[in-house]
1. Hey, which of these cross-link pairs are over 32 Å Cα-Cα: 88/193; 225/248; 38/181; 8/171?
2. Report the residues of segment 114-129 in range of a label on residue 280: point 7 Å along Cα→C-beta, backbone N strictly under 18 Å from it.
3. Using 0.36 nm per residue of separation minus the Cα-Cα distance, give me the extension gain between residue 211 and residue 230 in nm, one decimal.
4. What's the ranking of 75-84, 136-145, 225-234 by average number of surrounding C-beta atoms within 10 Å, highest first?
5. Indicate the gyration tensor shape class of segment 29-281 (rounded, prolate or oblate), computed on the Cα atoms with a ≥ b ≥ c the square roots of the eigenvalues: a/c under 1.5 is rounded; otherwise a/b larger than b/c is prolate and the rest oblate.
6. Which GluC sites (Glu not before Pro) from segment 1-71 combine a DSSP loop assignment with at most 14 other Cβ atoms within 10 Å?
7. With contacts defined as alpha carbon pairs under 8 Å and 6 or more residues apart, what's the relative contact order of segment 99-239 in percent?
8. Express in nm, to one decimal, how much length is gained between residue 223 and residue 240 on full extension, taking 0.36 nm for each residue of separation and deducting their alpha carbon distance.
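Read the figures in this text as sums done on the coordinates, not as results from a lab. Because the structure is a prediction, the values reported are computed rather than measured. Methodologically, a virtual Cβ is constructed for each residue, glycine included, from the backbone with ideal geometry; neighbour enumeration extends over all protein chains shown.
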Amino acid sequence: MKCSYCSKEGIADIYGKCYCEEHFNKYFLGRVRSIIDKFGIDGRIAVALSGGKDSAACFYALHSLNLELQPFYINLDIPDYSNACQKKAEELCNLLGYKLEVIELNEYGISLAKKKKPCSTCGTAKRYLMNKFAYENECKYVATGHNLSDVITFAFNNLANVNILNFRGNKPYLEGKEEYKMVAKIKPLYWLKDKECMLYAYINKLPYADEECPYAINAPTLKIKEWIHEIEGKQPGIMVNMAKSFWKLEDLMSRDINLNKCKKCGYASYGNICKFCKIRKR
Ligand code: Q46
Ligand code: ZN
Ligand code: ZN
């Protein structure tokens, strides 16, 4: 099929329009730019690289928009996975002319291999270390490669686990709070689905790791993601509408969330001691 905007061969069908490589790149950057413009993002951005396709796509798109970036990688010390991913993140940084900063989780005395629920520990540790890195490196924002598929999956997973009082992570932008050493968070890929990010990384020849985290196999979210994509296949656009609803819902709910300063490390916490410090103590 021909591109809906020129005479070239199309490579992607999105919401009833066909895109060639060039116009797909324009579409993708347009979606990312809409987030950057809407929230007036201006200043240094710490970009979390995981070695995977999404963070590679996120980094490349922000780089293409000429934003000021500081890429970093958190090495989780997962055998047959973390080092391979770090290598890809390094390759990507070399290609684009950046120096990659690396944070080692085991320097904090945490080992995922010893945890009953490694993903839960991993999530807490990554959120904490991303914020700490950005704060200490004087970045105004932390950008992650979470895309539309991740956002909806995460929201449904919260609903499925009756985690409605802790219903966070549904918005493309979360304001920072200087007094709690909390740096603003952005999800530049908020409007883009898994396969669009994959295509963007692929056509721009970005290095990314094919390896899956060995702990991901048992993740309940995989089934939820499949199910969401199945519904989207039958009703294109439903994921975008869901994201808008979850975003609104979180806005309505977050009014009375109490933030504290962690008594141990001084970063933001919902209790006296933050989750990261509790994990370290254990
Ligand atoms: S949470 Fe779990 Fe992922 Fe961490 S332990 Fe691996 S699968 S990497 S996004
Ligand atoms: Zn075209
Ligand atoms: Zn703490």
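1. On the way: 88/193 22 Å; 225/248 21 Å; 38/181 24 Å; 8/171 36 Å.
Listed pairs above 32 Å: 8/171.
2. In segment 114-129, the label zone of residue 280 (backbone N under 18 Å from the point 7 Å along Cα→Cβ) covers 121-129.
3. On the way: separation 19, 0.36 × 19 = 6.84 nm, distance 2.40 nm.
Additional length available on full extension: 4.4 nm.
4. Numbers: 75-84: 16.3, 136-145: 20.3, 225-234: 13.4.
Ranked from most to least packed, the peptides come out as 136-145, 75-84, 225-234.
5. It comes out rounded by the Cα gyration axes.
6. On the way: sites: 9, 21, 22, 68; in loops: 68.
Sites meeting the loop and neighbour criteria: 68.
7. 25 percent
8. Values: separation 17, 0.36 × 17 = 6.12 nm, distance 1.92 nm.
Stretched fully, the residue 223-residue 240 segment lengthens by 4.2 nm.
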